[in-house]
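Down below is the structure, laid out as C-alpha cells.
The values are calculated or read from the model by the stated rules, or taken from the named source; none is laboratory data. Just so it is clear, the model here is predicted, and its values are computed rather than measured. Cβ placement follows ideal geometry from the backbone for every residue including glycine, while neighbour counts extend to all protein chains displayed. Only protein heavy atoms, including side chains, enter the accessible area calculation; ligands, DNA and RNA are left aside. Shrake-Rupley method; radii C 1.70, N 1.55, O 1.52, S 1.80 Å.
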Amino acid sequence: MTKVLVATEKPFAPVAVEGIKKEIEAAGFELALLEKYTEKAQLLDAVKDVDALIIRSDKVTAEVLDAAKNLKIVVRAGAGYDNVDLEAATAHNVVVMNTPGQNSNAVAELVFGMLVYAVRNFYNGKAGTELKGKKLGILAFGQVGRNVARIAAGFGMDIYAYDAFCPADAIEAAGVHAVASQAELFKTCDIVSLHIPATAETKQSINYDLCSTLKKGAIIINTARKEVIDEAGLIKLMEEREDLKYITDIMPDANDEFASKFEGRYFSTPKKMGAQTAEANINAGIAAAKQIVGFIKEGITKFQVNK
Ligand code: 3PG
C-alpha cells in the first residue's frame, strides 16, 4: 500500500491533519505522522518505507533522500522550497512540489499584525504612529505580496512594489505603484515588506548599502527568509541609525545581538508564525495530499519545482 508520511517539526493544526488523512485514505493510501520531532535520526527512521512525504520547513537533504528508499514525491506544504535539496531529489528520481498561494493570506495578515505592534511601540504605552498614509514598499509581487497590497489598501496606505520578474503593468493593474528597482523602493518607502525567496541572487541582498538609503524612521519587515538579510550589515546600520526598526517572523542567527542592542526597535517571533493558521494549514496540507494522490494515481506533475 502507498504510504504517505507527514513530517512536520512544527505541526499543522489538528483539523488540517484530519483533512490530509481523509484525502490520503480516500485514495486507498496509508498515512503516517511524525510531528514535533527533535532529532534528524527520527526523520531518517520515519522516511525509510514511505512513498510520499508532506513537509513544511523541514529539511530534506541528500541524507534524508538516501534513507527514503521508496520515496517518489515530496510536497512542501507551502511556498518556499529552499529547505529541499532539489539536485539531490532529482538525482534520486524524486519529484518535488510546493503548494503556491495556499498560505499567502495568512502570511500577509501577520505582516499587519506585526506592523501595528511595531508602530505602536510594542504596546509600551507611548504614543506611536499610524499606518494610514504611509508609503509601503512590497519587495516581490507574488502571492503574498499581492495579499499584502490588498490589506494595505484597507489601512489607507500608499502602496509601492518592485518585482524583478513581474512586469510593471501587472503591478499597476493591481492598483499599486510600480517602481523601477529595489533601490528605488527602499529610497521611497517608510516601510519595506520583504517577500523574496531565498535564492543564490537574493541571499544577503538586503544589506548595509541598500538599507542605508531608507528614510528616517523606516521599518523593514521580514516574513520571507532570514537568509536574505545581511545580518552583520543591518546590525552595523542600526547601530549608526537609531531611527530604524527591524521586525521579523524568521529569527535571525544573530537574534541575541539584535535583541540586546536594539530594544524597542527589534522584534522577532520565537517561531515562524506566518503560515501558522488553521486555514493556511488546511489549504496547504490538503493541497499537498491532493497533489500526491494526483501524482501517484495519474502522474500529474503540476507544481513540480525540480523539472
Ligand atoms: C512558506 O514558505 O510557505 C512559509 O514560509 C511557511 O513556512 P512554514 O510552513 O514552515 O510555516
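Quick notes
- Projected onto planes of every orientation and averaged, the convex hull of the alpha-carbon atoms in segment 116-195 covers 5.1 nm².
- With a cut-off of 16 Å on the backbone N, the residues of segment 30-46 near the modelled label site 7 Å out from GLU63 along Cα-Cβ are 37-46.
- Accessible surface, per residue, of segment 104-268 when the full set of protein chains is kept, probe 1.4 Å, Å²: 45 Å²
- Counted charge near ASN281, where neighbours are those whose Cβ lies closer than 15 Å (Asp, Glu -1; Lys, Arg +1): +2
- For the chain, the carbon plus sulfur part of the accessible surface works out to 52%, probe radius 1.4 Å.
- Principal-axis analysis of the Cα atoms of the chain puts helix 14-26 at an angle of about 40° to the longest axis.
- Dipole magnitude for the chain: about 600 debye, using +1 per Lys or Arg Cβ and -1 per Asp or Glu Cβ, origin at the Cα centre.
- Within segment 244-282, backbone nitrogen closer than 17 Å to the virtual label 7 Å beyond the Cα of VAL15 toward Cβ: 275-282
- Magnitude of the charge dipole for segment 169-242, about its Cα centre and with charges confined to Cβ atoms of Lys, Arg (+1) and Asp, Glu (-1), is about 140 debye.
- Karplus 3J(HN,Hα) series, Hz, for segment 187-202 with 6.51 cos²θ - 1.76 cosθ + 1.60 (x for Gly, Pro): 6, 7, 9, 7, 9, 10, 10, 8, 9, 8, x, 8, 10, 4, 6, 8
- Two-decimal Rg/Rh across the chain, once Rg and the Kirkwood Rh are taken from alpha-carbon atoms: 1.00
- Under 17 Å from the TYR123 label point (7 Å along Cα→beta-carbon), backbone N, segment 244-270: 248, 264-270
- Only lysines eight or more places from LYS126 in sequence, or on another chain, were considered; those with a Cα closer than 28 Å are LYS134, LYS135, LYS187, LYS215, LYS216, LYS236, LYS245, LYS261, LYS271, LYS272.
- Distance between the pseudo-spin-label points of MET1 and PHE165 (7 Å out from Cα toward the beta carbon): 3.9 nm.
- Taking the longest Cα principal axis of the chain as reference, the axis of helix 231-240 is set at about 20 degrees.
- Between 0 and 90 degrees, the angle of helix 104-119 with respect to the longest Cα principal axis of the chain falls at about 30 degrees.
- Less than 5 angstrom separates the built amide H of ASN98 from those of ARG76, VAL305, all sequence-distant by 5 or more or on a different chain.
- Each Cα pair of segment 54-170 feeds into the Kirkwood radius, which the Stokes-Einstein equation turns, at 4 °C and 1.567 mPa s, into a diffusion coefficient of 77 µm²/s.
- Taking the C-alpha atoms of segment 64-106, convex hull volume expressed per residue in Å³: 67 Å³
- Using bins of 5 Å that start at zero, the share of Cα-Cα pairs per bin across segment 104-268 amounts to 2, 9, 20, 24, 22, 15, 6, 2, 0, in whole %.
- Computed from the Cα positions only, the extents of segment 155-224 along the three principal axes stand at 31, 30, 21 Å, in decreasing order.
- Whole-number percent relative contact order across the chain, with pairs defined as alpha carbons under 8 Å at least 6 apart: 19 percent
- Order by protection proxy (mean Cβ within 10 Å, highest first), peptides 8-20, 187-199: 187-199, 8-20
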